[in-house]
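Before any comments, here is the structure.
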Ligand SMILES: Cc1cc2nc3c(=O)[nH]c(=O)nc-3n(C[C@H](O)[C@H](O)[C@H](O)COP(=O)(O)OP(=O)(O)OC[C@H]3O[C@@H](n4cnc5c(N)ncnc54)[C@H](O)[C@@H]3O)c2cc1C
């Protein structure tokens, strides 16, 4: 389907970008366009105007310091996968970014766009939840547990702009996924982090949103051992049953991914 004519603006500052959305509530931020343009082609979204974030230097860049890894909202998956600070601070995040889509999607798609879009099979929301990360916007800081909502929903206001995303560094962390072969989104994805405050486990692709497995977290806090786990997660999270896979199979996959993830971190490796 062809995209209908649409306005296009390229603001030079965050304030100008926010002002453009306030003056036209039907306008929409444009990051890499990897989700938005597809939604427009399918007729699922019809913004009056695209407000392109490409020129906002404040949304770019990756930095690490004071125990925090900061990814600019416009950092692409490709940049994150290759960045030496990410590889040193949280190598599991670099692996996650490298596993997204194909080369074109990784070069255009952004961490901010992925989190704002909150596809229920996306990788970034699960990593954000497992690491207890924070989303900084033009007006506030939102903790991971408050940010991620149901299917394509987040805590963001319609005119709220993600500026960067922060993760704690040097945390044993791993993200594993079984890909849906056509899209490479997660058929089942699992993120596991061993924070000083406790273990956090989040899954994606297996229910209507990325979510934590809190009972599993309690088990792993008590005994961080693969063999202490049941074969499958005990949580009833409304396991997704669709044309790609049944709910029982997704639950089974998460059990396998969890064991692999515990083994990976139990080995002492910081992936
Ligand atoms: C075939 C395919 C496979 C994919 N596989 C995966 C995968 O395996 N794992 C995964 O995690 N992702 C996957 N993705 C998604 C990819 O990661 C993109 O990041 C995602 O599509 C968002 O695209 P984008 O960054 O270009 O944002 P856009 O498409 O430009 O924007 C998406 C939405 O976010 C809003 N937005 C963008 N930036 C901001 C911001 N800074 N603040 C507030 N709102 C903002 C936009 O207004 C829009 O509503 C895949 C995508 C495709 C097309």
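The values are calculated or read from the model by the stated rules, or taken from the named source; none is laboratory data. A quick note: this is a predicted structure, and the numbers were derived from the prediction, not measured. So basically every Cβ, Gly included, is an ideal-geometry build from the backbone, and we count neighbours across all protein chains shown.
Restricting attention to region 28-54, which residues are in a loop (DSSP other than H, G, I, E, B) and within 9 Å of the ligand (Cβ to nearest atom)?
31, 32, 33, 34, 35, 45, 47, 53
In region 88-100, is there at least one residue being assigned to a helix (DSSP H, G or I) and within 10 Å of the ligand (Cβ to nearest atom)?
yes
Could you count how many residues in region 175-210 are under 26 Å from residue 62 (Cα atoms) and within 16 Å of the ligand (Cβ to nearest atom)?
Here the count works out to 13.
Which numbered condition trips up residue 105, out of (1) in the same structural domain as residue 186 (by TED's automatic domain parsing); (2) in contact (Cβ under 8 Å) with a residue 60 or more places away in the chain; (3) in contact with a strand residue (DSSP E or B) (Cβ under 9 Å, 6 or more places away or on another chain); (4) closer than 16 Å to residue 117 by Cβ?
(3)
Evaluate the following for residue 72: is it crowded, with 23+ Cβ neighbours inside 10 Å and away from the ligand (no atom under 11 Å from the Cβ)?
No.
Tell me, which strands (runs of 3 or more DSSP E) wholly within region 133-241 include 2 or more residues that are more than 27 Å from residue 104 (Cα to Cα)? Let's see the steps before the verdict.
Numbers: elements: 134-137, 141-143, 162-168, 173-179, 186-195, 198-204.
Filter on region 133-241 gives 141-143, 186-195, 198-204.
Kindly provide the set of residues from region 122-150 that are closer than 17 Å to residue 179 by Cα and more than 7 Å from the ligand (Cβ to nearest atom), ordered by number. Give the steps one after another, and end with the answer.
Filtering region 122-150 for residues closer than 17 Å to residue 179 by Cα gives 122-127.
125, 126, 127 - these are the residues of region 122-150 that are closer than 17 Å to residue 179 by Cα and more than 7 Å from the ligand (Cβ to nearest atom).
Test residue 230 against the criterion of being surrounded by fewer than 20 Cβ atoms within 10 Å (Cβ to Cβ) and within 28 Å of residue 53 (Cβ to Cβ), and give yes or no.
Taking the combined requirement at face value, the residue does not satisfy it.
Provide a single number: the residues in region 109-120 that are within 21 Å of residue 193 (Cα to Cα), more than 6 Å from the ligand (Cβ to nearest atom) and under 9 Å from the mean Cα position of the chain (by Cα).
3
Can you report the number of residues in region 143-159 which are without any contact (Cβ under 8 Å) to a residue 24 or more places away in the chain and buried (at least 19 other Cβ atoms within 10 Å of the Cβ)?
Number of matching residues: 1.
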